[in-house]
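Engineer: Would you mind keeping the following structure in view while I ask a few things?
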Amino acid sequence: MAPPARGVVLGLAALAAAGTAHAQSSVTLYGLVDTYVEHRNHVNAAGDAVWLLGTPAGATGSGGMNTSRWGMRGSEDLGGGLSAIFNLEGELSPDTGAGNANPFSRQAWVGLEGGFGRLIAGRSYTTTYDFILPFDPLGYAPIASWGTAGSASGGRADGMITGLSNQLKYRYTLGGLRFGASYGFGEQATSASDSATYNLAVSYTVGGLGLVATAERQNGNTTTTAPIGRNKRTAVHLGASYEIGPVKFFAVARDYKLDPIAAGPDNKSTTYWVGAAYKITAPLTLTLAYYKQDIKDGVRAGTTDVPGSDPSLAVLRARYAMSKRTDLYAVASYAAAKRAVVGISRDDAGFDDNQTSVAVGIQHRF
C-alpha cells in the first residue's frame, strides 16, 4: 500500500490528468490557394479578348474552382460532450499577393457544439449557403457557377446571401436529417426587424439520394417619408442530388423576389441548374453543368435586365487529383442572353450578349 504522502501525490496527479483531458484543445491553420490562366472574350465595349492570370485587374479574390483563402479554426473539449469552437477566415489573391481589406472577411465566429447541435455567433456563411453548397455541381466555382448568384452584368444577380455579419447560426444533425436556422441582427434603433435577416433550411440524405429546401428573407430599413415601409427580398431553394456508381446528378431551383417600397415592378426571377459529375478514374472527374435564369419582371433605370432575356451558362470542367491536396483543372464556359449583356462570372461585368472563357489552373489545400 502506498504511503499517505505518496497517495496524495498520485491522487493530485490523477486529478490533473483528468482536468487536462477535459481541457484538450486544438488550433489548426488551414487554407486554399487556387489560381489559373484564362482566355476570356468580350471583356469591354469594343469586344476585345484578354489573357488573365487569376482575376481581372481591379477585382478581388482569386480562384477558378474555389476562392483562395486562409484561416484558423479550433476547439476546446469542455467535458460532457461539449466543445467550444471558433473560426477565423480571410480571402486572398495569389495573382497579386493582396488580401481583403477586412482580414477575416469570410468568417469570424465563436460558439458551442455538443449533443444539442452547434450554435455560433459572429460573421459566417449563411445557412442557405451551407445547405445548397453540396447541390451545386461546381461547388460555387468563382468563374464558372451561378449557384450563389446569376450573372451580375445586368445590374442584379438575384441570388442567395453568402456571408452575413452579426449572425446567430444553429445546426443540428440526426442521421441523414440536418436542420439549420440563422438570424442576422439588423442592429437598427428604429426596429429589430429593420435590416434583419432570417434563414431556415433542411436536408435529408439516404443512400445515394439527397434532398434540400431553404428559405431566406432580408429586410430593408423602414422609410421615414412616403411611401412608408421597408424593402424585402426573399429567396427559396429546392434541390436534389442522386449518386449512382461513378456518376452524381444535381438539380436545383431558386425562386427570387425583391419587393421594393419605391414605385415600379418587383424584381422576380427563377434560376435553375442541373449538372452531373462523372468520376472516370480515381483521380479524374468530369463535370457538366447548366444554369439558366428566367427573369420575370423588374426593368429598372440603370439596369439592362429584360424579362425574356433568359441568361444562361454552360460549363464543362475536368479535374485531376494529383494528390489528396493538389488538383489540376481545365474549364470551358459559355454564357449567353437575349437582348441583354451577360458574363460568365457572377462578379465581373459583361459587355455583350455572350461570353466565352477557357481556363486551366491549379489548386492546393493545406
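Engineer: Which number in (1) crowded, with 19+ Cβ neighbours inside 10 Å; (2) under 20 Å from the mean Cα position of the chain (by Cα); (3) assigned to a strand (DSSP E or B); (4) not charged (D, E, K, R) marks the one condition that residue 344 misses?
Structural biologist: (3)
Engineer: How about the range 179-211: which of its residues are hydrophobic (A, V, I, L, M, F, W, C), surrounded by fewer than 16 Cβ atoms within 10 Å (Cβ to Cβ) and over 20 Å from residue 239 (Cβ atoms)?
Structural biologist: 185, 189, 192, listed by residue number.
Engineer: Let me ask something additional. So how many residues does the range 324-341 have that are open to solvent by less than 40 Å² (accessible area, probe 1.4 Å) and over 17 Å from residue 36 (Cα atoms)?
Structural biologist: Total satisfying the criteria: 4.
Engineer: Of all residues in the range 98-138, which are assigned to a loop (DSSP other than H, G, I, E, B) and either among the β-branched types (Val, Ile, Thr) or surrounded by fewer than 17 Cβ atoms within 10 Å (Cβ to Cβ) (or both)?
Structural biologist: Start the filter on the range 98-138 by keeping residues that are assigned to a loop (DSSP other than H, G, I, E, B), which leaves 100-106, 115-116, 126, 136-138.
Scanning the range 98-138 gives 100, 101, 102, 103, 115, 116, 126.
Engineer: Hey, does the range 219-229 have a residue that's assigned to a loop (DSSP other than H, G, I, E, B), without any contact (Cβ under 8 Å) to a residue 12 or more places away in the chain, among the small types (Gly, Ala, Ser) and open to solvent by 50 Å² or more (accessible area, probe 1.4 Å)?
Structural biologist: Looking through the range 219-229, at least one residue is assigned to a loop (DSSP other than H, G, I, E, B), without any contact (Cβ under 8 Å) to a residue 12 or more places away in the chain, among the small types (Gly, Ala, Ser) and open to solvent by 50 Å² or more (accessible area, probe 1.4 Å).
Engineer: Also: Does residue 90 meet the test of being in contact with a strand residue (DSSP E or B) (Cβ under 8 Å, 6 or more places away or on another chain) and either of a type in the set (D, E, K, R) or open to solvent by less than 60 Å² (accessible area, probe 1.4 Å) (or both)?
Structural biologist: Numbers: in contact with a strand residue (DSSP E or B) (Cβ under 8 Å, 6 or more places away or on another chain): yes; either of a type in the set (D, E, K, R) or open to solvent by less than 60 Å² (accessible area, probe 1.4 Å) (or both): yes.
In short, yes.
Engineer: Hey, another quick one. Would you check if there is a residue in the range 223-233 being within 24 Å of residue 133 (Cβ to Cβ) and modelled with pLDDT under 95? Walk me through how you get there before you give the answer.
Structural biologist: Just the residues of the range 223-233 that are within 24 Å of residue 133 (Cβ to Cβ), to begin with: 233.
Restricting the remaining residues to those that are modelled with pLDDT under 95 gives 233.
Scanning the range 223-233, I find at least one residue that is within 24 Å of residue 133 (Cβ to Cβ) and modelled with pLDDT under 95, so the answer is yes.
Engineer: Which of the following residues is under 26 Å from residue 55 (Cβ atoms) and at pLDDT below 95: 306, 341, 358?
Structural biologist: Going through 306, 341, 358 in turn, just one is under 26 Å from residue 55 (Cβ atoms) and at pLDDT below 95: 341.
Engineer: Among all residue pairs at least 6 apart or on different chains, which show Cβ distances below 7 Å where the first residue, located in the range 75-96, is assigned to a loop (DSSP other than H, G, I, E, B) and the second is open to solvent by 30 Å² or more (accessible area, probe 1.4 Å)?
Structural biologist: Taking only residues 6 or more apart or on different chains, the pairs are 81/115; 94/33; 94/35; 95/35; 95/53.
Engineer: Oh, and also: Could we say that residue 316 is within 21 Å of the chain's Cα centre (by Cα) and part of a strand (DSSP E or B) here?
Structural biologist: Numbers: within 21 Å of the chain's Cα centre (by Cα): yes; part of a strand (DSSP E or B): yes.
Judged against the criteria, residue 316 is a match.
Engineer: Checking residue 287 against (1) of a type in the set (S, T, N, Q); (2) under 24 Å from residue 157 (Cα atoms); (3) surrounded by fewer than 21 Cβ atoms within 10 Å (Cβ to Cβ); (4) modelled with pLDDT of 80 or more, which test does it fail?
Structural biologist: (3)
Engineer: Let me ask something else. If only one of 259, 255 is in contact with a strand residue (DSSP E or B) (Cβ under 6 Å, 6 or more places away or on another chain) and open to solvent by 70 Å² or more (accessible area, probe 1.4 Å), which one is it?
Structural biologist: Details: 259 fails: open to solvent by 70 Å² or more (accessible area, probe 1.4 Å).
Going through 259, 255 in turn, the sole match is 255.
The values are calculated or read from the model by the stated rules, or taken from the named source; none is laboratory data. None of these values were measured; they are calculated from a predicted model. Heads up, the Cβs are rebuilt from the backbone with ideal geometry, glycines too, and the neighbour counts pull from every protein chain shown. Remember, those area values only see protein heavy atoms, side chains included, never the ligands or the DNA or RNA. Shrake-Rupley method; radii C 1.70, N 1.55, O 1.52, S 1.80 Å.
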